[in-house]
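Worksheet for the structure shown next.
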Amino acid sequence: MARVREYRKDKVKTPTTVGSVLWAGFKWIAYVLMILCAFSFVFVFAWTFMNSFKTAIGYAEDTFFLPEVWDFDNYAKVLREMQYKSYGLFEMLGNSVILIALGVINAMVWPQFAGYAMARFEFPGRKIIEAAVYVAMIIPIIGTTSTVMQIKMALGLYDTFLGEFLFGSGALGMGSIMYTTLYRGLPAAYAEAAYIDGAGEWRVFLNIYYPQSVPLMLIFVIQGAIGTWNDYMGPYQMLPTHPTLALGLHEMQQRFVHFGGDYPVMFAGLILAMAPVLIVYSIFADKIMGNTAMGALK
């Protein structure tokens with residue numbers, strides 16, 4: 001007991017300085033701003049969800065309080081009347097699923113090949129290719145859209161899923177940069193031990209390196225799937241006869257909002273479109289945030 005008292009008596013407190021006070025104040029301001037930012041997202045979603053159950057008249061009379069009559073017919077109207085030109089809901093949903101599947105295949109294959117080749121092999125022009133990848137990422141996508149469209153037309157791949165698959169491979173992009181960094185950071189002793197046991201390059205890649213890229217690959221797959229689901233401009237420009245659900249939402253906005261003033265139906269469509277994204281994100285939130293932090297550290 002005497003030792004405890006003696007320790008407490010001799011304990012030196014850290015002096016309070018102007019810098020420490022300013023740093024503490026800065027942290028509290030940052031916390032408050034993050035809380036307000038999170039609240040703004042929750043508020044917008046809750047406000048949209050609440051108003052999706054109102055009638056057009058009820059929404060016009062009051063937009064910030066609970067509806068007096070909960071109108072579930074808005075969701076039925078979306079499922080019944082959403083269309084893009086002559087394409088129905090299930091056709092657009094099928095096109096969205098096909099594009100997501102093609103994007104998932106691309107994210108799981110081609111960037112790994114490119115990243116593995118640039119990380120593991122020395123060949124003429126490797127540094128030039130890596131530099132070209134960085135330069136290409138600086139160019140805004142709007143500056144290459146017309147060129148890509150002309151190339152697709154010349155090859156007969158415009159307005160086809162095959163064209164989207166080939167041009168959306170992403171072999172040389174952010175994915176390849178991340179995989180190159182990942183594979184360079186793995187010990188070369190893994191491959192050397194496999195070579196001694198008689199393994200070829202394919203077996204080394206598939207059995208040793210590729211499995212270690214799964215955590216990073218998962219984040220590209222999830223983010224790519226969410227981006228494809230929400231993408232409006234890409235299908236509008238490149239797949240005019242294969243519209244996706246995002247185009248159906250845009251068409252519904254024109255019909256029910258611009259010409260009809262029925263905002264609750266539009267809100268119901270937004271909630272239905274956001275539901276799969278929210279479900280996927282809630283399931284894989286830990287993976288997304290953890291792998292994002294890992295990528296930032298690399």
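The values are calculated or read from the model by the stated rules, or taken from the named source; none is laboratory data. As the structure is a prediction and not an experimental result, all values here were calculated from the model. Cβ: placed from backbone, ideal geometry, glycine included. Neighbour counts: every protein chain shown.
Worth pointing out:
- Applying the criterion of at least 3 residues that are within 30 Å of M50 (Cβ to Cβ) and either outside the structural domain of Q223 (by TED's automatic domain parsing) or of a type in the set (K, R) (or both) to the helices (runs of 4 or more DSSP H) found wholly in region 73-170 leaves 73-81.
- Test: K9 is at pLDDT below 85 and not in a loop (DSSP other than H, G, I, E, B): yes
- Of all the criteria given as (1) outside the structural domain of L247 (by TED's automatic domain parsing); (2) in a helix (DSSP H, G or I), the one not satisfied by K54 is (2).
- Test: residue in region 215-225 that is assigned by TED's automatic domain parsing to the domain that holds I129 and free of Cβ contacts under 8 Å to residues at least 60 places away in the same chain: no
- From S169, S146, residue being within 27 Å of T244 (Cβ to Cβ) and either surrounded by 15 or more Cβ atoms within 10 Å (Cβ to Cβ) or at pLDDT 90 or above (or both): S169
- Count of residues meeting criterion [under 23 Å from I283 (Cα atoms) and buried (at least 21 other Cβ atoms within 10 Å of the Cβ)] in region 226-245: 2
- Any chance A199 is aliphatic (A, V, I, L, M), free of Cβ contacts under 8 Å to residues at least 60 places away in the same chain and in a loop (DSSP other than H, G, I, E, B): yes
- Conditions (1) at pLDDT below 85; (2) under 19 Å from Q253 (Cβ atoms); (3) assigned to a loop (DSSP other than H, G, I, E, B); number of the one not met by V69: (2)
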